[in-house]
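In what follows, a single structure is set out as structure tokens and then discussed.
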Amino acid sequence: MLSRQNPVLNVNLTSGSIKREAIDERVANHFLSGRGLGDWFLFRTVNPGETDPLSPENTLFFFSGLLSGTHFPGAVRNSLVSLNVLTGGYGESSSAGSFASALRKSGCEGILVSGRSPDPVYLWIDEGRAELRSGAHLCGKTTFKKRAAIREELDAPSASTCTIGQAGENLVRYALVNCDDRYSGRCGMGAVMGSKNLLAVAVRGSGSIRVHDPDVFDSISSDVRSLLASDPSLMNKARYGLGRDTEAYNDMGLLFIKNFQEVDFDRVAGIGYNAVKKYYERLVPCPTDCPVRCNRLARIPEGEPYGGTAVSSLEATPAYEMAHLCVDDIRTVLKAFELCNGYGIDIHSWSTCMSWAIECFERGIITRKDTDGLSLHWGDGPMLLESIRRIAKREGAFAGLLAEGVARASKKLGRGSEQYAMQMKGMEIDDELRVDKGMTFGILTESRGTGHTLGAFFGSFDKSMSPEKAKKLFGTEHAAFPHSYDGKADLVVLTERYGAIQDCLGICWFASHRAAPLLIDRYNMQTYALLVSAVTGLKLNEEDLIRIAERIITLEKTVNILAGQTREDEFPPDRFFQPIPNGRSGGMALDRDELDKLFRRHSELHGWDPTTGIPLPETLRSLDLPEAEEALEKAGCL
Ligand code: SF4
């Protein structure tokens, strides 16, 4: 039996029924696993544009990757796919951790969740046997406490869990899911779980994963492990964790502050590597013993401000997010991250919401009458920590407003505040868009609305990326020039294809060329084709995988078109077309005409209409997506 023939669990929360269902062979061959399968099931079960993401009619999918449960280095990602609570279109959020591995080892490829339970419940999957259990006693607990309570009552101390916090229960639109202390943060997946009265999923699995050709698989795994372990930039992550990245972003002119009004944080040292390293307690390894070893647990000792705070999954994210708000104290950063993760709030969206609120407060658009008594100022740590608690609990009208996300909040408030809402398609922007055009263009075209994990190209700032190397590895010397628009649509399409396949295989992008660009010379799409063949026995080549990637990306585009998204929605707010007033990136701005050219080229490469971005009928046919063609036709888009 091939491991990819595991069934999926189909859980209807309204009726309480749980069925094991085989995955249709055509579907498995077309979408592989992970994000790909999640996309297909989402497309088949919702009506984008009509289905409210927080209604029982929305569906939610947890998918392991094709390599999950094996020892392949970096095969740790767990994909959650559903309608995006912020945009109404396509939503996806993946995380590292052991959940995907445990799920697969329990004999399930994924979980399909539909309906809404009449009472709070959690799902327990024990070596493939699944049951819904009462979750009433878990209500009001943090993500951490829910996990502890579930493990204790199941007497399963090593069970892997996905839990939501109070934010998910209270339908905060950017609520996250805590997957073994790694986080599926974006797109409001925690709110989707909350809307279904599903407080957690716990899994125990100890089966072995069989692959078609173990010798070939082991040989590729070992080669990739050696490559990862000898790459200098990945070894820096192993040595320092990701705590250095905030200062690196600042050096590249990418660290924006004050709601994108400025770049460069002159007090970045207070939250940088030297500040955080003294709180590093230990390495937190990933299940496949990935040599990148990027994850650290940090703890503040008792006796210091916020003593007892302990957080992992640090990466650069929390410091980067708090820098936007001008916080220069690492202990406040760690506490904010702990609160966000415990209450179940995505720190990216929260940071953008608070940036909007503070700018509006400073401009007199919002006053203390609106904020339930809070004064909003840059760098005010205690106020920011209090805001996390209030938003998670929707405590007071202002917290309730912010819990809706910056697009809805600014629309509801009015008073001209909309121009300070840094959002696209309803989702909070969290990246400087005026500097690195390859990164920017991938963010603007992301099928989730905005974000930097599906298509943003990160190679241009690599110091060892000469134009010659760029041409050899990425097909264009422009890959080495971050500030130029040239060639960036091609680069983004290439990155999107890699992202789609990595998400099908469940491979962490920190353990790939996405974090260490030069790796692509020896660890690339050809490697992935060999891996898929070794695991499944299917004879697939690079071209086959590119076709699968295009199918996935085009299906996501179809969901967004059906949800009403247009080309105009792909342009960011006006602020990004104004020159940055200061710092290393001073004077840089986006250019509409240049972006328009890139959008056209990007659509052409995907086989979509260059002007509207709508997938062309011949493309849908060549990708064997008749269902998408039918849906677009029915909606009057073709
Ligand atoms: S790169 Fe980091 S997060 Fe990803 S698998 Fe390796 S150690 Fe885990």
Only one of (1) touching a helix residue (DSSP H, G or I) at 6+ places or on another chain (Cβ under 6 Å); (2) under 28 Å from Leu519 (Cβ atoms); (3) at pLDDT 95 or above does not apply to Tyr320, and that is (3)
Note on Glu568: of the conditions (1) closer than 30 Å to Trp356 by Cα; (2) in contact (Cβ under 8 Å) with a residue 12 or more places away in the chain; (3) among the acidic types (Asp, Glu), unmet is (2)
Among the residues of the stretch 295-309, which ones are at pLDDT 95 or above and not acidic (Asp, Glu)? Arg299, Ile300, Pro301, Gly303, Pro305, Tyr306, Gly307, Gly308, Thr309
Counting just the residues of the stretch 299-321 that are more than 16 Å from the ligand (Cβ to nearest atom) and of a type in the set (D, E, K, R), which one comes out farthest from Glu247 (Cα to Cα)? Glu302
Any idea which residue in the stretch 464-480 is nearest to Asp245 (Cα to Cα), counting only those that are assigned to a loop (DSSP other than H, G, I, E, B) and without any contact (Cβ under 8 Å) to a residue 24 or more places away in the chain? Ser466
Scan the stretch 402-420 for residues that are under 19 Å from Leu339 (Cα atoms) and either among the hydrophobic types (A, V, I, L, M, F, W, C) or in the same structural domain as Gly88 (by TED's automatic domain parsing) (or both) and report the count. 2
The condition of being of a type in the set (S, T, N, Q) and touching a strand residue (DSSP E or B) at 6+ places or on another chain (Cβ under 6 Å) holds, among Ser195, Ser184, Ser206, Ser221, only for Ser184
Could you tell me how many of the residues in the stretch 66-109 are under 15 Å from the mean Cα position of the chain (by Cα), part of a loop (DSSP other than H, G, I, E, B) and closer than 21 Å to Arg204 by Cα? 4
Taking Leu13 as the residue in question, decide whether it is within 16 Å of the chain's Cα centre (by Cα) and either farther than 21 Å from His212 by Cβ or at pLDDT below 95 (or both). no
Report whether or not Tyr240 is within 24 Å of the chain's Cα centre (by Cα) and among the hydroxyl-bearing types (Ser, Thr, Tyr). yes
Take the conditions among the hydrophobic types (A, V, I, L, M, F, W, C), surrounded by 19 or more Cβ atoms within 10 Å (Cβ to Cβ) and without any contact (Cβ under 8 Å) to a residue 40 or more places away in the chain and apply them to Phe461. Does it pass? no
Strands (runs of 3 or more DSSP E) within the stretch 127-182 that include 3 or more residues over 13 Å from Gly342 (Cα atoms) and more than 16 Å from the ligand (Cβ to nearest atom): 129-134
Return the total of residues in the stretch 271-298 being surrounded by fewer than 17 Cβ atoms within 10 Å (Cβ to Cβ) and away from the ligand (no atom under 16 Å from the Cβ). 4
So, in the stretch 498-514, of the ones that are over 15 Å from Gly455 (Cβ atoms) and within 12 Å of the ligand (Cβ to nearest atom), which residue ends up surrounded by the fewest Cβ atoms within 10 Å (Cβ to Cβ)? Phe510
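The values are calculated or read from the model by the stated rules, or taken from the named source; none is laboratory data. This structure is a prediction, so every number in the text was calculated from the model and none was measured. Note that we place each Cβ from the backbone using ideal geometry, even for glycine, and neighbour counts take in every protein chain shown.
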